[in-house]
Structures are given as structure tokens and as C-alpha cells.
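The values are calculated or read from the model by the stated rules, or taken from the named source; none is laboratory data. All of these numbers come straight from a predicted model, not from anything done at the bench. Note that each Cβ is placed from the backbone with ideal geometry, even for glycine, and that neighbours are counted across all protein chains shown.
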Amino acid sequence: MRRTIIGVMGGSTADPRTEQHAYDLGRLIAANGWVLLSGGRPTGVMEASARGCREAQGLSIGLLFDADREAASRHLDLVIPTGMGAARNVVNVLASDVVVACRGQGGTLSEIALALRFARPVVLLDFHPGAAFLDACGDGRWYLADSAPAAVAQVRALLAEMGRA
């Protein structure tokens, strides 16, 4: 059976609380045997989640904004330099079975919007950009979680519903 891919989206800059959530999320993704996919930068949510996944012996993939492989987090297992800029956000979303979004800015909001537009379920981890925005993005479903364990429990329920548990 194909491995389950959990997209972890979030800011390239993050406050300590958000970084801790991302780190915990990475560890839990690994513990569940899922693959972590992110934008792969060596900062913020991408770095923290990849580090958590690596420390828990999980598998992580980074789809880079740039064409430079050296621009990636050192905690990633697989690095894919796209050179696509923000267009790589579409690939991040479409490659994910479920998207978990931590706090972020415009890039993160675009990934959330794309996920909802393409009917990928989105779990918002300690982040709520507003119901009006989320509901206007498409037919995808979104859920709120206040901790990494709560987010992973929601992901698990969604995967079961999708027959991927």
C-alpha cells in the first residue's frame, strides 16, 4: 500500500509556541508511520517539523521554492528543488492526503486555500484565519486543533474516513 503523506504547512518565521507545535507534529507524523511533506526551508515551521520527524526516525520530503538543493533543511530525507517559486504550493497540496497548517502568512494562506479548493481536508493547528476566508476557498473541509496530538487525532479520523487508516 502507498504511504500516507501529511502536508505540514506554516510560516518560514514562527514564534516559539508555533515551532513547538510543528516539532511535536513532526514527531507524531513519524510515530504514525506517515510521510511528512513540507516546503523544506531551514527555518520556521518547515525546519521544526522536519527536525521532529527526523528525531523520531520518520521520513520527510521537502519541495523547495528554489532550484537550489542547498536551500533545504538538513533534517529532510528527500529534497526536491522545484525552482517553481510559490507555484510549488500547488504540488505541496496535491501530493498530500491531509494538510495540517500551523500559523503562517501569505504562503500558508495560499496553501490552505488551494487545499480547500482541491477538496483536501485541512487541520488548522492553533491557527484560525477566519471562517469567512475558509468557507470561501472551496468545498474542502477544515477542522481546528489546539495541539499536535489533537491535530493528529483529527488526521487519523480523516484517514479512516478515506479508507487510508
Among the residues listed as Asp77, Asp146, the single one being modelled with pLDDT of 95 or more, within 19 Å of Val35 (Cβ to Cβ) and not hydrophobic (A, V, I, L, M, F, W, C)
Asp77
Output the residues belonging to the stretch 53-88 that are within 18 Å of Thr13 (Cβ to Cβ) and buried (at least 21 other Cβ atoms within 10 Å of the Cβ).
Gly62, Leu64, Phe65, Ala72, Ser73, His75
Condition check for Ser96: hydroxyl-bearing (Ser, Thr, Tyr), touching a helix residue (DSSP H, G or I) at 6+ places or on another chain (Cβ under 7 Å) and crowded, with 19+ Cβ neighbours inside 10 Å:
no
Complete set of residues in the stretch 98-120 that are in contact with a Phe, Trp or Tyr (Cβ under 8 Å, 6 or more places away or on another chain) and not in a helix (DSSP H, G or I):
Ala101, Cys102, Arg103, Gly104
When the stretch 121-152 is checked residue by residue, the ones that are part of a helix (DSSP H, G or I) and surrounded by fewer than 21 Cβ atoms within 10 Å (Cβ to Cβ) are Ala131, Ala132, Phe133, Leu134, Asp135, Ala136, Pro149, Ala150
Check off (1) touching a residue at least 12 places away in the same chain (Cβ under 8 Å); (2) part of a helix (DSSP H, G or I); (3) small (Gly, Ala, Ser) for Ala87 and give me the number that stays unchecked.
(1)
Looking at the stretch 35-84, what strands (runs of 3 or more DSSP E) fall wholly within it and have at least 1 residues that are within 14 Å of the chain's Cα centre (by Cα)?
35-38, 59-64
